[in-house]
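Throughout, read-outs are computed from the coordinates displayed, never taken from laboratory work. On a predicted model such as this, the values are computed, not experimentally measured, just so you know. All Cβ positions, glycine included, derive from the backbone under ideal geometry; neighbour counts span all protein chains shown.
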Amino acid sequence: MAEFTSSHYDVVIVGAGMVGGATACLLAQSEHKAAEKLKIALIESRAPQAFDPSQFDPRVAALTENTRMLLQRCGVWEAICAKRATPYQAMQVWDAEGTGRISFDCRQVHQPNLGHIVEVSAINSSLMDRLQQLSNIDLYCPAVVNNYTAEEDSVILDLGSGAHISTNLLIAADGANSSIRQQFQFATRQWDYGQQAIVTTITTQQSNQQTAWQRFMPSGPLALLPLTDNKDELHRCSIVWSQDSAEAERLMALSDRDFCQQLSTASEHCLGEVLQTDKRHTFPLRQCHAIDYVKPRVALVGDAAHSIHPLAGQGVNLGFADAQVLAEELSRARARDVDLGDLAVLKRYQRRRKPDNLAAMATMEGFKRLFGAENLGLRLMRNYGMSAVNQFTPLKNQLIKKAMGL
């Protein structure tokens, strides 16, 4: 990517992952007056990576309908589908410690699907292509920021290249270990679950039926998310298997054959035998939430503001919702000729997003504790509850719509 001379920007976004890239697209395409567009800089430390159709990215996102529409507004959804995106039409959720089960089907709410499973590299590469088409975005990639200096009317960034840029508003989209969040001393509440998630792509004996499968075990949930291969066959799945750290290390040390056997057992052979696994990866499970998402001239989005247990795959959808709301509030401020870095503007974004994010985090924490409990009474209660919800169609349909973001 080209390096730019020292300059001032309306907005600087640090982090060109899914949420940062989407935020940049939404802001770049917003207009207040004829031919007047925001001047945006997007800074990313890693060189862009092309999508490789010959292999599956172990990192996938379960995108809701709301997120799909947002990506369409960004101008990238068609490009993502041209790479690889798998709609899933049903979901099967069951309790390993009993008979409780809930089945969701898109036909119950008259929708073509419940969402899409998409590889992260397909989303990122499509966003990067789109970002390079937008003339009002300067893309610094790869580039690092050595220092941030907060002034009354701007934030100054010293880049590793020696360039200095300033901005009215700095947006941190630099992930769960956000250096901006740390440097600007945002207080957080966080804890470590003492668990790791194993992620990889597997080949199964039976078709995935375009269905997402999730089995809840005391040690953690196992999710099998459907993928479509290049021959349009349905024998591939992405897995997210949450386990206590010691058990995760044991599973990672197994041969591919032994791992497939244990995964077949853990999934109760819902797709027959697991025949093959790609390279396995792990990441630690932690929860972190910034007490405030904003300070004067600084806003946190996505994992920089909140990271949750991947139990329901909702983290990235929460981040995309952050991007949408922040873009809306900045567009509203600009229409009134209000400084984009004004704390009152940024607090409106926080007020709109924080309740939803906290509710999602509380729900995931509640699910984890409920299904991790070995108390017989709680086990009976959760199994009865799942069965009752499964039979009560109006409530189940509301849950489906909520999960789809409708």
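A few comments on the model shown:
- Which of Thr23, Thr211, Thr277 has the fewest Cβ neighbours within 10 Å, and the rest in rising order: Thr277, Thr211, Thr23
- Ranked packing of 156-164, 73-81, most packed first, by mean Cβ within 10 Å: 73-81, 156-164
- Rounded Å value of the spacing that divides the Cα centres of the range 194-220 and the range 35-101: 18
- In this structure, Asp129 and Asn66 have a Cβ-Cβ separation that, at R0 = 30 Å, corresponds to a calculated FRET efficiency of about 0.85.
- Cleavage-rule hits (trypsin sites (Lys or Arg not before Pro)) in the range 270-329: DSSP loop, at most 12 neighbouring Cβ within 10 angstrom: Lys279
- Fully extending the segment from Glu78 to Ala362 would add 98.8 nm, taking 0.36 nm per residue of separation and subtracting the current Cα-Cα distance.
- For the peptides 330-338, 212-220, 350-358, 117-125, residues were scored by their other Cβ atoms within 10 Å and the scores averaged per peptide; the highest-first order is 117-125, 212-220, 350-358, 330-338.
- With K and R counted +1 and D and E -1, the other residues having a Cβ less than 15 Å from that of Ala187 yield a net charge of +3.
- Per the Cα gyration tensor, the range 7-404 maps to an equivalent ellipsoid with semi-axes of 38, 22, 21 Å, ordered largest to smallest.
- Exposure proxy order (Cβ contacts within 10 Å, fewest to most) of Met18, Met69: Met69, Met18
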